[in-house]
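Visitor: Quick one: the structure is below, questions incoming.
The values are calculated or read from the model by the stated rules, or taken from the named source; none is laboratory data. Predicted, not measured: the structure shown is a model, and the values here were computed from it. Cβ placement follows ideal geometry from the backbone for every residue including glycine, while neighbour counts extend to all protein chains displayed. For the accessible areas, the whole protein counts, side chains as well, though only heavy atoms, and no ligand, DNA or RNA atoms are used. Shrake-Rupley method; radii C 1.70, N 1.55, O 1.52, S 1.80 Å.
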Amino acid sequence: MTKISREEVLHIAKLARLDLSEQEVETYSEQLSDILGYVKQLQKVDTNGVQPLTHVYDQVNHLRSDTNRKSLNVKSAVQNAPDTDGTYFKVPQVIKD
Amino acid sequence: MSVSDFLSKVALHKEYNAFIQIDEIDLNKRFENICDGPLKGELVAVKDNICVEGLNLTCASKMLDGFKVPYSATVIQKLEKAGAIIAGKTNLDEFAMGSSNEFSYFGPAFNSVDKSRVAGGSSGGSTVAVGCGLVDYALGSDTGGSVRQPASFNGVVGLKPSYGRVSRYGLVAFASSFDQIGPITKTVEQSAKILGVIAGHDPLDATSMDVPVPDYVANLKRPASEFTIGIPKEYFGEGIQPEVEEAVRKTIINMETAGAKIIEVSLPHTEYGIAVYYIISSAEASSNLARYDGVRYGFRGSDESMDEMFRQTRAKGFGSEVKRRIMLGTYVLSSGYYDSFYGQAQKVRRIIKEDYLNVFKKVDAIITPTTPTTAFKSGEKLTDPMAMYLNDIYTVSANLVGIPAMSLPVGNDKNGLPIGCQIMAPSFKEETIFQLGTLIEGFQK
């Protein structure tokens, strides 16, 4: 079985923007190896000529008419933000002085 | 039931931890403003990943603790218009990821029949609330079995409707090609009644389908002799608890005695269901949960820099199972692995769908067990994710294919734990499921 290395775990965590503790790196390296070892059995299935299924029904897009409708007001939209000036979301400074 | 009756009942069952939030002031207001309709005065508990205006929404996660909901989900608006009273928000596995309800930031919910056992998951709190008789019905959500598995473990009726049957506007997204909201009830008739209220096209959900909603309750009775039922041999394989197999086989014999035509069928790719499900659902989850970044709502883990904020927010805000699935989903979508994992899973998903479509050319419905075993002990599978995932072996296919499926109780094992039987039918044929479910309920009497 392929073991997912510590470097791979850290690479995936970086892509997912997750900081992992040393313990987590170790646990996930083991558990992901286990899970990926199991799901690898799919590679046995002959899928030559099979189209990937992206939606369970063969439907086309439902489009609505392009008209105005009510949406959330600003106060409701920002009420759950960790940091806001009442109109905008506030985030840490992006470009340093 | 009055507000105080309900609250004292909940207090008596506090140790089951079925509810995350009950707001007495809000509840009093709801009792004073009941609409006239088919569900008038009936109490409904709601899984805490569905938006109810006036109540918080947590998804059983630290990430959303204290989130104030600015609007109600379409299903909630429909229930309220039909006269139902929203009782409160129920416990679940964090972001609906889990099969035991042990991955909740607010602690596990416990089985309503045996407190030393898991409630099942992820809609554990909703099924326990119905199982303990705290409410008339509940809503859950089912991505890979999250309504049916806990329904089976608690001896209640749980339905996953067809993909697109019920609007998901106001349901927190986990895996968007699978998620469906479904009713959890004591009886099949109640399930039919609730589905009749919540089903239908919703312009606010682009995946909801514009298919007429039949009068399910008026058409519950149909003789067994009018059905051909398929029994897939792959669903009675290795790992099934003998008492579970026995109870489901007995149900099938009863169905045959009542006049139904029973035929053995084959769904040859069933064994790949779990692998397909965990690849695709984790991939979709890793994408859907990218929105929890500490900017617009919920928890923020750091104010140091943008990148530090993202990483710390997600490190401290998510629990272990959610992180595991984000990691798995990110892996199978990452460069170098996309084709062999995600792409291959999508192709096998189509093969599994074809298996079902072929079988439904010959039969009206398929009957199987809901789970290989009855409710397991708390803690038993907590440190072994693969063992936990394999519990969903009989339920994931319905989500992979988009078809409706129901679990209903068909007896108990020697420890008194409920056994669930699953009925699956072609998409938008929930009517067939309710009719067969009504027949099966009749056999139990």
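Visitor: Any idea which of (1) closer than 30 Å to residue B:426 by Cβ; (2) facing another protein chain (nearest Cβ under 7 Å) is the one residue B:314 doesn't satisfy?
Guide: (1)
Visitor: Separate question: Counting just the residues of region B:358-397 that are under 14 Å from residue B:427 (Cβ atoms) and touching a helix residue (DSSP H, G or I) at 6+ places or on another chain (Cβ under 8 Å), which one comes out most open to solvent (accessible area, probe 1.4 Å)?
Guide: B:364
Visitor: Looking only at residues in region B:62-103 that are of a type in the set (Ser, Thr, Tyr) and closer than 21 Å to residue B:176 by Cα, which one is most open to solvent (accessible area, probe 1.4 Å)?
Guide: Within region B:62-103, the subset of a type in the set (Ser, Thr, Tyr) is B:71-72, B:74, B:90, B:99-100.
Going one step further and asking which of them are closer than 21 Å to residue B:176 by Cα, we end up with B:71-72, B:74, B:99.
Details: B:71: 70, B:72: 10, B:74: 17, B:99: 2 Å².
It comes out as B:71.
Visitor: Report yes if some residue within region B:206-227 is open to solvent by less than 10 Å² (accessible area, probe 1.4 Å), in a strand (DSSP E or B) and farther than 30 Å from residue A:37 by Cα; otherwise report no. So that I can check it myself, show each step before the final result.
Guide: Of the residues in region B:206-227, the ones open to solvent by less than 10 Å² (accessible area, probe 1.4 Å) are B:208, B:216, B:224, B:227.
Remaining after also requiring in a strand (DSSP E or B): none.
No, every residue in region B:206-227 fails to be open to solvent by less than 10 Å² (accessible area, probe 1.4 Å), in a strand (DSSP E or B) and farther than 30 Å from residue A:37 by Cα.
Visitor: State whether the residues of region B:333-354 include one that is in contact with a Lys or Arg (Cβ under 7 Å, 6 or more places away or on another chain) and assigned to a helix (DSSP H, G or I).
Guide: For region B:333-354, residues in contact with a Lys or Arg (Cβ under 7 Å, 6 or more places away or on another chain) and assigned to a helix (DSSP H, G or I): absent.
Visitor: So residue A:72 clears everything in (1) open to solvent by 90 Å² or more (accessible area, probe 1.4 Å); (2) at the interface with chain B (Cβ under 7 Å from one of its Cβ atoms) except one condition, right? Which one?
Guide: For residue A:72, the failing item is (1).
Visitor: Six or more apart or on different chains, Cβ atoms under 7 Å: show the pairs whose first residue is in region A:34-59 and facing chain B (nearest Cβ under 7 Å) and at positive phi and whose second is among the β-branched types (Val, Ile, Thr) and not in a loop (DSSP other than H, G, I, E, B).
Guide: Cβ pairs passing all conditions: none.
Visitor: Could you figure out which of (1) modelled with pLDDT under 95; (2) closer than 30 Å to residue B:301 by Cβ isn't true of residue A:58?
Guide: With respect to (1) modelled with pLDDT under 95; (2) closer than 30 Å to residue B:301 by Cβ, residue A:58 is out only on (2).
Visitor: Right, here's the next one. Failed condition for residue B:285, given (1) out of contact with any Asp or Glu (no Cβ under 6 Å at 6 or more places or on another chain); (2) touching a residue at least 40 places away in the same chain (Cβ under 8 Å); (3) within 30 Å of residue B:326 (Cβ to Cβ); (4) in a loop (DSSP other than H, G, I, E, B), with all others met?
Guide: Against the list (1) out of contact with any Asp or Glu (no Cβ under 6 Å at 6 or more places or on another chain); (2) touching a residue at least 40 places away in the same chain (Cβ under 8 Å); (3) within 30 Å of residue B:326 (Cβ to Cβ); (4) in a loop (DSSP other than H, G, I, E, B), residue B:285 comes up short only on (4).
Visitor: So which residues in region A:1-30 are more than 10 Å from every other protein chain (Cβ to nearest Cβ) and of a type in the set (A, V, I, L, M), if there are any at all?
Guide: Once the filter is applied, which keeps residues that are more than 10 Å from every other protein chain (Cβ to nearest Cβ) and of a type in the set (A, V, I, L, M), region A:1-30 yields A:1, A:10, A:25.
Visitor: Ok, one more. Among the candidates B:323, B:316, B:353, which residue alone is basic (Lys, Arg) and within 16 Å of residue B:400 (Cβ to Cβ)?
Guide: None of the others qualify; the one that does is B:353.
Visitor: Further question: Considering every residue within region B:27-41, establish whether at least one is in contact with a Pro (Cβ under 8 Å, 6 or more places away or on another chain), of a type outside the set (Lys, Arg) and either open to solvent by less than 50 Å² (accessible area, probe 1.4 Å) or at negative phi (or both).
Guide: no
Visitor: Residue by residue through region B:8-28, note down the ones that are part of a helix (DSSP H, G or I) and touching a strand residue (DSSP E or B) at 6+ places or on another chain (Cβ under 9 Å).
Guide: Initial filter on region B:8-28 (part of a helix (DSSP H, G or I)): B:8-12, B:14-16, B:24-28.
Once the filter is applied, which keeps residues that are part of a helix (DSSP H, G or I) and touching a strand residue (DSSP E or B) at 6+ places or on another chain (Cβ under 9 Å), region B:8-28 yields B:10, B:15, B:16, B:26, B:27.
Visitor: Here is a list: B:129, B:138. Which entry is in contact (Cβ under 8 Å) with a residue 24 or more places away in the chain, in a helix (DSSP H, G or I) and buried (at least 24 other Cβ atoms within 10 Å of the Cβ)? Step through it out loud before you land on a result.
Guide: Working: B:138 fails: in a helix (DSSP H, G or I).
Matching residue, one of B:129, B:138: B:129.
Visitor: Show the residue pairs that are 6+ apart or on different chains and have beta-carbon atoms under 6 Å apart, the first residue being within region B:324-344 and more than 7 Å from every other protein chain (Cβ to nearest Cβ) and crowded, with 16+ Cβ neighbours inside 10 Å, the second being in a loop (DSSP other than H, G, I, E, B) and not polar (S, T, N, Q).
Guide: B:325/B:97
Visitor: When the residues of region B:271-292 are narrowed to those that are open to solvent by less than 10 Å² (accessible area, probe 1.4 Å) and out of contact with any Leu (no Cβ under 9 Å at 6 or more places or on another chain), which ends up farthest from residue B:357 (Cα to Cα)?
Guide: B:289
Visitor: Taking residue B:439 as meeting all but one of (1) under 16 Å from residue B:149 (Cα atoms); (2) hydrophobic (A, V, I, L, M, F, W, C); (3) open to solvent by 10 Å² or more (accessible area, probe 1.4 Å), write down the number of the exception.
Guide: Result: residue B:439 fails condition (1) only.
Visitor: Something else now. So residue B:427 ticks every box in (1) surrounded by fewer than 24 Cβ atoms within 10 Å (Cβ to Cβ); (2) assigned to a helix (DSSP H, G or I); (3) in contact (Cβ under 8 Å) with a residue 24 or more places away in the chain but one. Which box is left unticked?
Guide: Among (1) surrounded by fewer than 24 Cβ atoms within 10 Å (Cβ to Cβ); (2) assigned to a helix (DSSP H, G or I); (3) in contact (Cβ under 8 Å) with a residue 24 or more places away in the chain, residue B:427 violates only (2).
Visitor: I would also like to ask the following. In region B:398-417, what count of residues is obtained for those that are more than 18 Å from residue B:252 (Cβ to Cβ) and either under 16 Å from the mean Cα position of the chain (by Cα) or buried (at least 24 other Cβ atoms within 10 Å of the Cβ) (or both)?
Guide: Selection size over region B:398-417: 7.
Visitor: Could you tell me whether region B:162-170 includes any residue that is away from chain A (no Cβ under 14 Å) and either open to solvent by 10 Å² or more (accessible area, probe 1.4 Å) or farther than 19 Å from residue B:371 by Cα (or both)?
Guide: Within region B:162-170 (the criterion being away from chain A (no Cβ under 14 Å) and either open to solvent by 10 Å² or more (accessible area, probe 1.4 Å) or farther than 19 Å from residue B:371 by Cα (or both)), the answer is yes, since at least one residue qualifies.
Visitor: Quick one: which of B:256, B:243, B:264 is more than 11 Å from every other protein chain (Cβ to nearest Cβ), touching a residue at least 40 places away in the same chain (Cβ under 8 Å) and farther than 20 Å from residue B:172 by Cα?
Guide: B:243
Visitor: While we're on this one: Tell me which of these residue B:250 doesn't satisfy, since it passes every other one: (1) closer than 18 Å to residue B:428 by Cα; (2) open to solvent by 50 Å² or more (accessible area, probe 1.4 Å).
Guide: (1)
Visitor: Now a separate question. So which residues in region B:288-317 are in contact (Cβ under 8 Å) with a residue 12 or more places away in the chain, among the hydroxyl-bearing types (Ser, Thr, Tyr) and in a loop (DSSP other than H, G, I, E, B)?
Guide: Once the filter is applied, which keeps residues that are in contact (Cβ under 8 Å) with a residue 12 or more places away in the chain, among the hydroxyl-bearing types (Ser, Thr, Tyr) and in a loop (DSSP other than H, G, I, E, B), region B:288-317 yields B:292, B:297.
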